[in-house]
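Report on one structure; see the data block that follows.
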Amino acid sequence: MKLTFSWEALQKAFEEIDTANNARTLYGTVTGKGLWLVGDDGVYLMPNTTDGVHHRGDAPRVIIYAEECNPKTMPFDDWWAAKQATFGGDDGVEFVDANELRQLALRLPSAPAFLAITFAGDTYEISFS
């Protein structure tokens, strides 16, 4: 199943990452600053940073939901089916290197509209559209 994320919306996440000094570990592993691909209530990307420009004080976290799996805009049965098809019934988190994404996007003839993540079993593939 393919999930798409607005490239324009991801710019705010990149700003957060670029201005932060600290990042959370992932299950005790130091990954550095980047994005977390999260499957729980929906599927979304979010910076793993703790102190960037958009995550100060009581400001809400920067969260970019997949277009196909957004509990804020979709009926439960629809987003839940997409969550099940990508992460299964369990919650999960994967690290995505934001710098690699940006470097790949720079190689494109024009800025992408979407980051696409296609899930197949226990793996996923990243592309742009």
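For the reader, a short list of remarks on this structure follows.
- Ordering Lys72, Lys2 from the fewest to the most neighbouring beta carbons within 10 Å gives Lys72, Lys2.
- Given charges at Cβ of Lys, Arg, Asp, Glu: the chain dipole, positive-most of Gln103, Pro47, Ala113: Gln103
- Residue-wise HN-Hα coupling along the range 109-121, computed from phi with Karplus coefficients 6.51, -1.76, 1.60 (Hz; x: Gly, Pro): x, 8, 4, x, 8, 9, 8, 10, 10, 9, 9, 9, x
- Under the shape rule built on the C-alpha gyration tensor, where the axes satisfy a ≥ b ≥ c, the range 27-66 is oblate, since a/c reaches at least 1.5 while a/b does not exceed b/c.
- Here the chain is treated with +1 on each Lys and Arg Cβ and -1 on each Asp and Glu Cβ, and its dipole about the Cα centre works out to around 340 debye.
- Remark: the range 49-61, residue by residue, has Karplus-estimated 3J(HN,Hα) of 7, 10, 8, x, 4, 9, 10, 10, x, 9, 4, x, 5 Hz, where x stands for each Gly or Pro and the curve is 6.51 cos²θ - 1.76 cosθ + 1.60 at θ = phi - 60°.
- The Asp97 and Asp77 beta-carbon pair, evaluated with R₀ = 30 Å, returns a calculated FRET efficiency of approximately 0.35.
Computed from the coordinates by the stated procedures, all read-outs in this text should not be read as laboratory data. Nothing here was measured: the structure is a model prediction, and the numbers come from that model. Because the Cβ atoms are built from the backbone with ideal geometry, glycine has one as well, and the counts that use them run over all protein chains shown.
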